[in-house]
Amino acid sequence: MYINPEQFSNYATKFINILIDYSPKLISAFLILFIGLYAIRLINRVIRKIMVKRNLDPTLTKFLADILLWALRILLFVTFISKLGIETSSFVAILGAMGLAVGLSLQGSLSNFAGGMLIIVFKPFKVGDTIEAQGVIATVLEIQIFVTKMLTGNNQTVFVPNGALSNGTIINYSMQGERRADLTFSISYDSDIKKAKDILLDVLNKNPKVLKTPAPEVFVKNLSASSVDFAVRPWAKNANYGAVFSETLENCKTALDEAGISVQPFTLQK
């Protein structure tokens, strides 16, 4: 194959001229690329440290940091190719269409993800708390990105979607550290009300698991058609709540029987 030296020289000259003319854009584009990559790493480290200081869940911290990292990288890439003189409008339109399609297909998952972030940021409960939500009373084992993992009292593992959890009513039994048991004892109208009240209060005061502050309460709650209803309200630490609840039922019934006070058949428990 024969190569004309003069023609080759012309091509080389044109290439060098184009390279010289294009070099400012090329240099500035790569400067933006290298400086941008360094800035992205720096921003990512700073954001991670901030989230760790705010005690965010490690899984969420990593996930959010990764999302931020790739979002900044995509933005940097668009800026880089735009600086090189490449048309970016079509590229941005394709990215937008892809994002819309993914968002529509993962609408439920995105709702759960947003709910998980709200739970971790605003902390209506934390791992180890006993909560009531979505018809479930259980202890929180793990707050994941899309679901919250909980363990019920009968050793069943329950996964509740974070979207529904964050938008519903949550009762946190562990947040205050203390809990009140609300019980109702019904006695006959023939019984001595003052004596019954003193007996019930004495039972509460003798139980070492019942807190002195706040003080336990016993008072007439209602005069129903067939009984006098007493509200019996002892306070206990969360760890002792179950024991106080059951012991109060048993000890109050025993004490009333020993005093000859008739307990009506329907003892209400709340």
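What follows is calculated from the coordinates using simple rules that are stated; it is not laboratory data. What you see is a predicted model; the values in this text were computed from it and never measured. All Cβ positions, even for glycine, are placed from backbone atoms using ideal geometry, and neighbour counts span all protein chains on display.
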Among I43, I16, which comes first, then next, by fewest other beta-carbon atoms within 10 Å?
I16, I43
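Could you work out the relative contact order of region 178-258, using alpha carbon pairs under 8 angstrom and six or more residues apart, expressed as a whole percent?
On the way: 123 pairs, mean separation 33.7, N = 81.
Relative contact order, region 178-258: 42 percent.
Of K53/K83; K126/K221; K123/K212; K149/K197; K25/K62; K197/K237, which pairs sit farther than 32 Å apart, going by alpha carbon to alpha carbon?
Table pairs above 32 Å Cα-Cα are K53/K83; K126/K221; K149/K197; K25/K62.
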For S227, S262, S23, order by how many other beta-carbon atoms lie within 10 Å, fewest first:
S23, S262, S227
